Structures are given as C-alpha cells and as structure tokens.
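What follows draws every value from the coordinates through simple rules; no lab data is involved. Keep in mind the model is a prediction, meaning the values are calculated, not measured. No Cβ is skipped: glycine too gets one built from the backbone with ideal geometry, and neighbour counts run over all protein chains shown.
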Amino acid sequence: MGKNGSGKTNLLDSIYYTALGKSYFSSKDANVIKFDASFFRLEARIEKGDAFKIEHAIVPGNKKESKINGKAINKLSELLGQFPAIAIAPKEVYTLLSTSQERRKACDRVIAQFDKEYIAALILYNSLLKRRNQLLKDASSMSTLNIDLIKVLDAQLDAPAALIYARRTKFAESIRTDFLNSYKSISNNQEEADLLYVSSLKEGKLSEQLFKCIESDFFKKRTTLGIHKDDYIFRINDKQLNTFASQGQLKSFIIAFKLSLFRILSNNSSVLPFLILDDIFDKIDSARTAALLNLLSTGDYGQIFISDADTKRLPEIMEKNELDYFRVIIENGRVETQ
C-alpha cells in the first residue's frame with residue numbers, strides 16, 4: 001500500500017518478472033531500468049519444495065542474462081511454467097476491450113505457461129505468416145505475386161493453425177463456466193455475463209480459406225484470415241461489453257476473466273501460480289470489493305499480492321470479513337512492514 005507513484009507497481013512487477021523473465025507492464029526491458037542507471041538486476045528466492053534462486057540482469061547494449069540456481073537460461077521458454085503467474089492491472093480494463101490482439105495475448109500468455117506444443121506452433125505460425133505477408137507486400141501486381149510459393153506457405157500454415165485452434169477451443173470451453181460463476185459472485189448476480197471464442201477456422205481448413213482470398217489479401221497487403229484474427233468476445237446482458245457497461249462492471253468483468261485464467265493455469269501446473277492484483281479496487285464499489293475479497297479467500301489461490309493507494313480500505317474489509325493478510329507500506333520506493 002502507498003500513495004500513487006510510491007513504487008507499488010514496481011514491486012509487483014518485480015514478482016512477475018522473477019517468475020516469467022519479462023515485465024508485465026512494459027514490452028521493452030530497457031524500460032525497467034531506473035532512470036540514470038546503467039543496468040538492471042533482479043534477484044529473488046522462491047520456495048517450491050526446494051529453494052530456488054532466480055536472477056535476471058540487463059546491461060544496456062548487452063544481452064539479458066537469466067539464471068536459476070546459478071545456471072544460465074538460454075531461452076525464456078525454459079523458465080515458463082516453473083513459476084506460473086497471473087497479473088491483473090488497471091490498464092487491462094481498456095486494453096482488453098480495445099483490440100482482439102490484446103485479448104489473444106492475454107490468453108496466449110497463460111496457455112504458453114503450461115503447453116510447450118502450443119508455444120512451438122505459435123512461433124512457427126507467426127514465422128510463416130510473416131513470410132506470407134512479405135510476399136504480399138513485395139508484389140507490385142497480381143501477375144508478379146508468387147502464387148505457387150503462397151500456396152506452399154498456406155499448406156504449411158495448416159498444421160500449426162489447426163493445433164492452435166484446437167487448444168484455444170478447449171481453453172475457452174474450460175474457462176467459460178468458471179468465468180460465469182466468478183462474475184456472478186463479484187457482481188452479486190446483478191448482471192449476466194458471457195465469454196465467446198470466435199475463429200475463422202470454424203469454417204474449415206485454413207489453406208482452403210486462404211486460397212479463396214489471395215486477391216483480396218494482395219490488395220490489402222496482409223493475410224486477412226487465420227488464427228491471428230481469432231477473438232474472445234466479452235458480453236454483459238447479451239450486449240457488447242464496452243458499449244454501455246459502467247466502470248465497476250468493466251472492472252468486475254476483467255477481474256473475473258483473469259481469475260478464470262488463473263484457475264486454468266493452476267489446474268495445469270504442479271504449483272499454485274502467483275496472483276498479482278495491482279490497484280484494481282479503484283472505481284469498484286464496496287459491495288463488489290468485499291465480494292471479490294471473499295471469493296479470493298474461499299478459493300485456493302495460494303499467494304496473492306495486492307496493491308492499493310487507499311491504506312485503510314483493504315485492511316477494514318479484511319478485518320471485517322476476518323481474512324488473514326500481511327501489510328506493507330511503500331513510501332518513495334522503500335518498503336516498510338506493518
């Protein structure tokens with residue numbers, strides 16, 4: 001807990017970075033280096049049966065170094081799944097509503113932590129897609145477009161696309177029921193919410209669909225069909241979520257969605273993931289806040305890290321509901337136990 005700008009988010013991000021080797025709040029490692037500093041180093045100890053020492057270090061201009069118990073990690077994929085984590089941040093109320101890409105990324109981050117085949121298929125698909133798009137961009141006319149090579153790439157896209165589609169379909173089915181129950185609990189049954197997965201692969205084999213739209217893709221200079229266009233549709237009371245919902249409803253929806261992601265990650269992991277909640281109670285009324293905390297206290301969520309700018313709100317709710325907690329106050333980047 002602490003005032004805005006005191007360093008709460010940095011502390012939570014360090015936990016996420018420890019677990020996954022990347023920041024949750026910034027896409028670039030350079031942005032996690034303190035202003036006027038020449039390097040970044042993070043060291044943590046995690047107990048998972050045995051004790052693990054995790055190290056991440058970045059020196060500007062040099063490659064990032066990550067280690068587990070002193071042994072270098074060659075790829076961050078080696079770290080994925082060992083210390084699973086889910087984070088929920090205020091920005092997601094807007095980013096998850098803004099684009100299908102953000103919704104896919106949120107789900108992909110979870111599946112990648114327990115499904116190595118999915119990661120490999122996604123990497124292969126994106127590599128082939130990049131080559132296909134480059135052919136479309138380089139061609140000056142349909143007559144100069146290398147149709148034969150396009151067809152070869154389309155055929156190669158089928159296998160990874162089919163695997164990704166199958167895993168996403170199963171994933172969406174797994175989280176939907178849990179999500180609906182979570183939202184009902186947080187909203188106190190005030191609204192009906194839903195979560196739907198949509199994909200062009202429901203219409204059949206990807207290469208067959210791509211063959212029909214080669215000309216359209218040429219003029220648009222990009223591949224317009226495929227699993228890179230998949231979406232997860234958010235709805236409340238049978239209407240698109242962002243068309244009418246209040247701030248409280250929007251946050252409740254996103255929190256319920258992320259909690260369902262947590263549980264599927266937990267069900268597919270040998271250890272309970274870290275759950276990181278950054279300043280999520282702003283613009284949520286006291287009834288929804290209490291309902292959320294009660295939901296967290298009755299489920300098996302393991303370690304939960306929560307930040308709040310209001311130093312009284314959470315302790316009062318915790319004590320009123322007889323919930324156990326440990327509080328720290330952050331001032332000017334320094335942590336003080338309470």
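The table that follows gives values for the structure above.
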| item | result |
| --- | --- |
| Cα-based convex hull volume of the stretch 154-208 per residue, rounded to whole Å³ | 68 |
| Cα convex hull of the chain - mean projected area over all directions, nm² | 19.7 |
| Above-threshold pairs, the threshold being 18 Å between Cα atoms, out of K205/K229; K130/K221; K34/K258; K75/K229; K22/K170 | K34/K258; K75/K229; K22/K170 |
| Net charge over other residues, Cβ less than 10 angstrom from the Cβ of F171 (K, R count +1; D, E count -1) | +1 |
| Most mobile of T289, T298, T223 in a GNM of the chain (Cα contacts under 10 Å) | T298 |
| Crossing angle, helix 8-20 versus the chain [Cα axis fit, 0-90 degrees, rounded to tens] | 50 |
| Charge context of A112, other residues only, Cβ under 11 angstrom, K/R +1, D/E -1 | +1 |
| Pair-distance profile P(r), taking every C-alpha pair of the stretch 101-246, with 10 angstrom steps and integer % | 10, 35, 28, 18, 7, 1, 0 |
| Anisotropy class of the stretch 70-137 from Cα gyration tensor, a/c 1.5 cut | oblate |
| Tensor-based shape of the stretch 12-63 (alpha-carbon gyration tensor, a/c under 1.5 rounded, otherwise prolate or oblate) | prolate |
| Most mobile of L259, L153, L122 in a GNM of the chain (Cα contacts under 10 Å) | L153 |
| Radius 12 Å from Cβ of V271, net charge of other residues (Lys, Arg +1; Asp, Glu -1) | -2 |
| Listed residues V93, V32, V152, most fluctuating in the chain (Gaussian network, C-alpha, under 10 Å) | V152 |
| Rg and Dmax of the stretch 250-338, Cα atoms only, in Å | 13.6, 38 |
